[in-house]
Amino acid sequence: MQVVRRVESSVVGIEVVAEFDRLATAVPAAWRELFSRHTEVPAPAGCRYAEASRHLGGGRYREVVGVVVAEPVAPPVGMSAVRIPGGDWVHHRHTGPVAEIGDGFQEIYGWATEQGITLGERKLDVGYHPDGTEGSHDLYIDVVGHLGSPRPRLPGRQQ
């Protein structure tokens, strides 16, 4: 577990905006749609697709499942692009089953609390494969403060 500096990027793909209890069905449906249309988006680095998540408040979340792109691109019809700001993010490599990714994010929250790091509302999970192959996932949550003091977001560099 570590704080890394990420450069600004975007995730281009299928968007879901829903209450938390609907995500368990809406997100898998979005993945099925994305993989059926994978030729419409740029090929992902290392054949690893991503899920960007942001808590919108009031129990609602915005999820975009797709590919991470460094430069902005116009999303295909019926798809969206979400900006992933550059700056400090806590990174954790999850090596367990996909069903346990939530536990990996919980590990980040626990570690950040121990370190005095305040986390934001954005998450990024990179590691999905169209054929369902299980592999490692790079999990990230944005950092908005450190040791109780807001920390400015500085331009990132490649990690």
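So, of the residues in segment 54-79 that are out of contact with any Lys or Arg (no Cβ under 9 Å at 6 or more places or on another chain), assigned to a strand (DSSP E or B) and in contact (Cβ under 8 Å) with a residue 60 or more places away in the chain, which turns out to be farthest from ALA18 (Cα to Cα)? It comes out as VAL69. For segment 99-133, taking the residues that are outside any strand (DSSP E or B) and of a type in the set (S, T, N, Q), the one that is modelled with the highest pLDDT is identified as GLN106. Do you know which of the residues in segment 86-145 that are surrounded by 14 or more Cβ atoms within 10 Å (Cβ to Cβ) and aromatic (Phe, Trp, Tyr) is nearest to MET1 (Cα to Cα)? Result: TRP111.
Does THR25 satisfy being at pLDDT 95 or above and in a helix (DSSP H, G or I)? Against the criterion (at pLDDT 95 or above and in a helix (DSSP H, G or I)), THR25 qualifies. Restricting attention to segment 41-66 and to residues that are of a type outside the set (Ser, Thr, Tyr) and in contact with a Leu (Cβ under 9 Å, 6 or more places away or on another chain), the residue that is surrounded by the most Cβ atoms within 10 Å (Cβ to Cβ) turns out to be GLY66.
The selection criterion, being crowded, with 20+ Cβ neighbours inside 10 Å, assigned to a helix (DSSP H, G or I) and not acidic (Asp, Glu), holds for LEU34. A single entry from ARG93, ARG83 fulfils the requirement of being over 19 Å from GLY132 (Cα atoms), basic (Lys, Arg), touching a strand residue (DSSP E or B) at 6+ places or on another chain (Cβ under 8 Å) and not in a loop (DSSP other than H, G, I, E, B): ARG83. Candidates are the residues of segment 134-159 that are in a loop (DSSP other than H, G, I, E, B) and in contact with a Ser or Thr (Cβ under 8 Å, 6 or more places away or on another chain); the one that is modelled with the lowest pLDDT is GLY148.
The single condition among (1) under 18 Å from SER9 (Cα atoms); (2) outside any strand (DSSP E or B) that GLU51 does not satisfy is (2).
The values are calculated or read from the model by the stated rules, or taken from the named source; none is laboratory data. Small disclaimer: the values here were computed from a predicted structure and weren't measured. In this analysis, Cβ positions are derived from the backbone assuming ideal geometry, glycine residues included, and neighbour counts consider all displayed protein chains.
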